[in-house]
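Below is one structure, written out as structure tokens; the observations come after it.
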Amino acid sequence: MTPAKKDEGPPPAAKGYGQGYEYFGMALTFVVAILLFGAAGWFLDGLLHTLPLFAIIGAFVGGFAGFMRIYYRVKQDR
């Protein structure tokens, strides 16, 4: 390997795979936020006997939180 080839860094395909995993992680964060907030709402519904009011609210709050997490992450990358 010549010194010029050493300084080039990883090939473009390797960078693409890294970005793909990063976006997959963001999507997973979005789904987990919806599930966790929905589960917390479901638990609260069980305590207060208000099925399914807080589960639906929790799912929407989780979706909003997941969306905002993705929004700020993408905004940070620019």
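The values are calculated or read from the model by the stated rules, or taken from the named source; none is laboratory data. Model, not experiment: these values are computed from the prediction. Counting neighbours? That spans all protein chains shown, and the Cβs are built from the backbone with ideal geometry, glycine included.
Overview of results
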item	result
Hits in region 41-53 (condition: surrounded by fewer than 16 Cβ atoms within 10 Å (Cβ to Cβ) and part of a helix (DSSP H, G or I))	Phe43, Leu44, Gly46, Leu47, Leu48, Leu53
Leading residue by the ranking (surrounded by the fewest Cβ atoms within 10 Å (Cβ to Cβ)) among those in region 54-78 that are at pLDDT below 95 and among the hydrophobic types (A, V, I, L, M, F, W, C)	Val74
Pair list, Cβ < 7 Å and 6+ apart or interchain, from region 18-39 residues that are more than 10 Å from Ala65 (Cα to Cα) and free of Cβ contacts under 8 Å to residues at least 60 places away in the same chain to residues that are among the charged types (D, E, K, R) and surrounded by 11 or more Cβ atoms within 10 Å (Cβ to Cβ)	Met26/Arg73
Of all residues in region 1-29 being of a type in the set (Gly, Ala, Ser) and at negative phi, the one that is modelled with the lowest pLDDT	Ala4
